[in-house]
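Notes for the one structure printed next.
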Amino acid sequence: MRVWNFLKLYTALVYFFMFAPIVAVLLLAFNSSQFGGFPIEGFSLRWFYKLWENEAIVRAFQTSMLLGAMTAVISTTIGILASLALVRYQFRGKNFITTVLISPVLVPETVLAVGVLIFLRWLSMPRSFLLLLVGHSIIALPFVVLVVQARLTGIKKEYEEAARSLGASPVQTFFQVTLPLLMPAVFAGALFAFTISFDNITATIFWRPSGMETVPTQIFGMLRNSVSPEINALGFVMIVITVGVPLLAGGLARYFSRKKV
Amino acid sequence: MAETKEFDARPWYLLAPSLLAIFALVVVPMSFILVYSFYENVDLAVDRVAFQFGNWQELLTDGYYRTAIWKTLRLSVIVTVLAAVLGYIPAYFIAMTKFRHKWLLLLLLILPFWVSFIIRTLSWIHIMGNQGVINGLLMWLGLTDEPIKMMYNEFAVIVGFIHVFLPYMILNIYVSLEGIDQNLEPAARTLGATPWQAYREVTLPLSLPGLAAGCLLVFVLTGGSYVTPLILGGPGDFLYGNLIYDAVVVELNWPMGATLSFTLLVLLGLVVTLYSRLMGMNQLTKAFSQ
């Protein structure tokens, strides 16, 4: 039992290590002091107003949201198609294809970023929003495939076969049977893809056209001097979006699925 | 249905968009890196098509690049080992606990993945910086009059990396521990093993695949990054990725950037290949599909 208590304490300390810095950012977002660090001098929302008034940040925010949403749509769409092929069909070289599909994770992001950039340079194409979009989509694709694939394996093939034997076309079967059953995975995959895009900095620094900033690159640029209180407020907003939205969605999903039963 | 024995094109239609995208954005660019590494850099952002080994020669002879490779290897090993040491026990605890709200511990483990990387990294300035929590506490307690310098050195970079990559480690170890038959350890106990023996000879070996997967991920992710040292490190704390960043973004020396990138790809690729030969890729995909 003494050993167990030691394990418990150890685990608690590791969790503390993981969350204390994040909590510090969340608290400092409401600090009225004009400096970004401690001590906390009082409660204030002024840094959120400042954020709202900062045109560069608002623009970066819009870019990131649009980019994240479009990345989610693209990578989820092609990811679902690929997962269907992997789970529902037998074909030669499946293991190899699976490795190819997760290869964007296996290549270091820095290398991937430089490679794509050099290819683009060879094509004499300028860096653009489109580059960020396709680039983020390819980075998010493996995660979408893994999430959707895991879920798809759990959906019995019999449902689809029943629909087919009752006269539904393959397309009808997909939209009326498979897709509704797959919806939780679609949402999970899309949220995952959105977060990956919204959070990406490693490749984005290389790919963004000059003058275009996403939220992470904007923060990175602002960090040169010190952590300003605005960065803390921005951090708070980002955490609310990337943590709050999935939690809320998951909570709601659980609530509704319980109600049904 | 005589058709079933013939070639079925349907899965390939479904795979086509993904495979095309990966071909255009991963396969082709990787070949371009290799080709560009033989080009010659003439001036800022100007390069000449050539087949010469100047960049490779520079890479192999200039001690600066070797230092960077060495530094990166050293730092990646330190981060990986510390993450394993810090991560194993929590993973074990979560897998074995009978705590009713175990899901909460798991949820908390996944949450950091959703918190922005750059926010998690810069948050350490609030902890270890001159106006950080630790210095504030020390000065308040009267243990020191001036803030102790903890930031912008290798230590801060290591802490930042561990903080960001620890959840990968814990999750991977947890997945392999969770998959172990719960009756094995009690069985070993009834056969006369002490709790420690039962753990060491039954559970520990079975958890090694997860530990290996976690170590691989942390090692490769650390070895390929460049942003963390820029935020938490001092001028002397650079990784191999920082050289790539400098070559491409600062000096606009594309051929050298390509040479450096290709080397990093090969070095980290060797690690991944070695791992997949030994362990296979299944363990890795398991943790992600949780």
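Read the figures in this text as sums done on the coordinates, not as results from a lab. Quantities reported herein were computed from a predicted structural model and do not represent experimental measurements. Because the Cβ atoms are built from the backbone with ideal geometry, glycine has one as well, and the counts that use them run over all protein chains shown.
Which of A:ALA163, A:THR77, A:ALA60 sits farthest toward the positive end of the charge dipole of chain A, with +1 on the Cβ of Lys and Arg and -1 on the Cβ of Asp and Glu? Farthest along the dipole direction, towards plus: A:ALA163.
Work out, in µm²/s and without decimals, the Stokes-Einstein translational diffusion coefficient of the protein assembly as shown at 10 °C, 1.306 mPa s, Rh from Kirkwood over C-alpha pairs. Stokes-Einstein gives a translational diffusion coefficient of 63 µm²/s.
Loop-located GluC sites (Glu not before Pro) across the stretch B:1-99 with a Cβ neighbour count of 12 or fewer within 10 Å are B:GLU6, with loop assigned by DSSP. Normalised by the number of residues in the stretch A:69-215, the average gap of Cα pairs under 8 Å and 6 or more apart makes the relative contact order 42 percent. Taking the longest Cα principal axis of chain A as reference, the axis of helix A:129-153 is set at about 50 degrees. Look at B:ARG100, A:ARG254 and count the other Cβ atoms within 10 Å of each Cβ; fewest to most, that gives B:ARG100, A:ARG254. Overall, the stretch B:120-239 carries a charge dipole of about 60 debye about its Cα centre when +1 sits on the Cβ of Lys and Arg and -1 on the Cβ of Asp and Glu, all other atoms neutral. Of the chymotrypsin sites (Phe, Trp or Tyr not before Pro) found in the stretch B:62-109, those that fall in a DSSP loop while having at most 15 other beta-carbon atoms within 10 Å are B:PHE99.
For the stretch A:55-260, a simple Cβ point-charge model (Lys and Arg +1, Asp and Glu -1, everything else neutral) yields a dipole of about 560 debye relative to the Cα centre. Restricted to Cα atoms, the stretch A:1-60 shows a radius of gyration and a Dmax of 18.0, 58 angstrom. The local environment of A:LYS157, defined by Cβ-Cβ distances under 15 Å, has a net charge of +2 under the rule Lys, Arg +1 and Asp, Glu -1. The ranking of A:VAL144, A:VAL243 by Cβ neighbour count inside 10 Å, starting from the fewest, reads A:VAL243, A:VAL144.
Its Cα centre serving as origin, the stretch B:53-288 has a Cβ charge dipole (Lys and Arg +1, Asp and Glu -1) of approximately 720 debye. Comparing A:PHE194, A:PHE175, A:PHE61 in a Gaussian network model of chain A, where Cα atoms under 10 Å apart are tied by springs, the biggest mean-square fluctuation is seen for A:PHE175. Convex hull volume of the Cα atoms of the stretch B:163-290, normalised per residue: 134 Å³. Counting, for every residue in B:236-242, the Cβ atoms of other protein chains within 10 Å of its Cβ and taking the mean gives 1. Spatially close Lys pairs in the protein assembly as shown, defined by Cα atoms under 24 Å apart and a spacing of eight or more places or different chains, total 17. Calculation over all alpha carbon pairs of the stretch A:1-128 in 5 angstrom steps from 0 returns a P(r) of 2, 7, 8, 8, 11, 11, 12, 13, 12, 9, 5, 2, 1, 0 percent. The alpha carbon centroids of the stretch B:42-66 and the stretch B:246-266 are separated by 9 Å.
Debye-formula intensities of the stretch A:55-260, expressed as log10 I(q)/I(0) at q = 0.14 Å⁻¹, are -0.93 (one equal scatterer per alpha-carbon, no solvent). Across the stretch B:67-154, C-alpha contacts under 8 Å between residues 6 or more apart give a mean separation that, scaled by the residue count, equals a relative contact order of 15 percent. For chain A, take the longest principal axis of its alpha carbons; what is the angle in degrees between that and the long axis of helix A:94-106, to the nearest 10 within 0 to 90? That helix lies at roughly 10 degrees to the long axis. Taking each DSSP H run with n ≥ 4 as -39500 (n - 2.57) and averaging over every residue of chain A yields -24500 deg cm²/dmol at 222 nm. Screening chain B for whole DSSP H helices with an alpha carbon extent of at least 20 angstrom along the helix axis and a mean Kyte-Doolittle hydropathy of at least 0.0 yields B:63-96, B:154-178, B:204-223, B:254-279. Shielding of peptide B:161-169 by partners, expressed as the average count of other chain Cβ atoms within 10 Å per residue Cβ, is 1.
Peptide A:7-17 has a mean shielding of 5, counted as Cβ atoms of other protein chains within 10 Å of each residue's Cβ. Give the residue list of GluC sites (Glu not before Pro) in the stretch A:29-71 that are DSSP loop and have at most 15 other beta-carbon atoms within 10 angstrom. Taking the stretch A:29-71 and a limit of 15 other Cβ atoms within 10 Å, the loop GluC sites (Glu not before Pro) found are A:GLU41.
Dipole orientation for the protein assembly as shown: of the candidates B:VAL28, B:TYR64, B:LEU107, B:LEU107 has the Cα lying most toward the positive pole (charges on Cβ; Lys, Arg +1; Asp, Glu -1).
Considering only A:LEU13, A:LEU132, A:LEU247, the mean-square fluctuation computed in a Gaussian network model of chain A, springs between alpha carbons under 10 angstrom, is largest for A:LEU13.
Give me B:TRP56, B:TRP254 sorted ascending by neighbouring Cβ count inside 10 Å, so fewest comes first.
Listing B:TRP56, B:TRP254 from fewest to most nearby Cβ atoms yields B:TRP56, B:TRP254.
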